[in-house]
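K.L.:
Okay, handing you the structure first.
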Amino acid sequence: MTKEQLKQELKEKIKEGVKPSDLKRSKSESDLPNPAKSPPLKSSHSTTYLPLIEPTELEDKISVLELKLETKDRDLEDKDETIKDFRKALQKADEKIQQTQTELDNSLLARQQAIKQFSKVYDQLQKIKQELSENLDQASTELINQDDQITKLKTKQLQAQNRIQELEKDLQT
């Protein structure tokens, strides 16, 4: 029901001398009390400046205000429910953020450990590479020295064979 429909319904039900509270309690028009004529109000010096308002007008205004209040109360309840829903959604989002943060922290720790492990392995590989390089240099030097010794020995052997041949020639002569 819209506000306009409510106003129209109230105007149909409201009669002179009927209170808004009587409207709420009544089930049908026959339950409404008969309006009693109230004596006319006399103006005093303090109220001469205020316009006189009919009681039915006041009752109409009160009824409208009460309806507005009820509408506002319903709106407020709806908004409270909406706020509760938003709070629940926010709490779920916060929990998801916390879970993601924990996962990121764990991932970061795992990466740090992997980097430390890689660093250790890399250092070991560098040491092994250095040792291999030194061993290669040493082996190369040894091979060169042995090659030099072999060359010297072959030279001496060749000289000795030449000497032997000379001596054999000398013996045959």
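A short reminder: the numbers here are calculations on the coordinates, not readings from a lab. Since the model is a prediction, treat every value here as computed from it, not as a measurement. Cβ placement follows ideal geometry from the backbone for every residue including glycine, while neighbour counts extend to all protein chains displayed.
K.L.:
So what's the net charge close to ARG163: Lys and Arg +1, Asp and Glu -1, counting the other residues with Cβ under 12 Å from its Cβ?
P.N.:
Numbers: positive: LYS156, LYS169; negative: GLU166, GLU168, ASP170.
My count for the surroundings of ARG163 gives -1.
K.L.:
Further, regarding this structure: Take the residue pairs LYS7/LYS72; LYS3/LYS88; LYS3/LYS72; LYS11/LYS79; LYS11/LYS68; LYS68/LYS88 and return only those whose Cα atoms are more than 21 Å apart.
P.N.:
Working: LYS7/LYS72 16 Å; LYS3/LYS88 33 Å; LYS3/LYS72 12 Å; LYS11/LYS79 30 Å; LYS11/LYS68 15 Å; LYS68/LYS88 30 Å.
Listed pairs above 21 Å: LYS3/LYS88; LYS11/LYS79; LYS68/LYS88.
K.L.:
Still on this structure, please answer the following. For the residue pair GLN165 and GLN138, what label-to-label distance in nm results when each label sits 7 Å from Cα along the Cα-to-beta-carbon direction?
P.N.:
4.3
K.L.:
Over all directions, what mean area does the Cα convex hull of the range 85-173 project, stated in square nanometres? Don't skip to the end; give the middle numbers.
P.N.:
Values: hull surface 32.3 nm².
Mean projected area of the Cα convex hull: 8.1 nm².
K.L.:
Also, quick follow-up: Suppose the chain between ASP123 and GLN99 were pulled fully straight at 0.36 nm per residue; how much longer would it get relative to their current alpha carbon spacing? Let's see the in-between values first.
P.N.:
Details: separation 24, 0.36 × 24 = 8.64 nm, distance 3.60 nm.
Separation in residues times 0.36 nm, less the Cα-Cα distance, equals 5.0 nm.
K.L.:
Still on this model: Can you tell me the length gained on complete extension of the stretch GLN146 to GLN91, counting 0.36 nm per residue apart and subtracting the Cα distance? Intermediate values should be presented prior to the final figure.
P.N.:
Numbers: separation 55, 0.36 × 55 = 19.80 nm, distance 8.07 nm.
Extra length from GLN146 to GLN91 when fully extended: 11.7 nm.
K.L.:
Label-point separation (nm) for GLN112 and THR56, each offset 7 Å from Cα along Cα-to-Cβ?
P.N.:
It is 8.3 nm.
K.L.:
Continuing with this model, one more query. Report the calculated FRET efficiency for LYS79 and THR2 (r = Cβ-Cβ distance, R0 = 30 Å), to the nearest 0.05.
P.N.:
Values: r = 20 Å, r/R0 = 0.66.
Once the sixth-power term is evaluated, E becomes 0.95.
K.L.:
Can you check what the net charge comes to around GLN98, using other residues whose Cβ is under 11 Å from the Cβ of GLN98 (Lys, Arg +1; Asp, Glu -1)?
P.N.:
Combined, the nearby Lys, Arg, Asp and Glu give -2.
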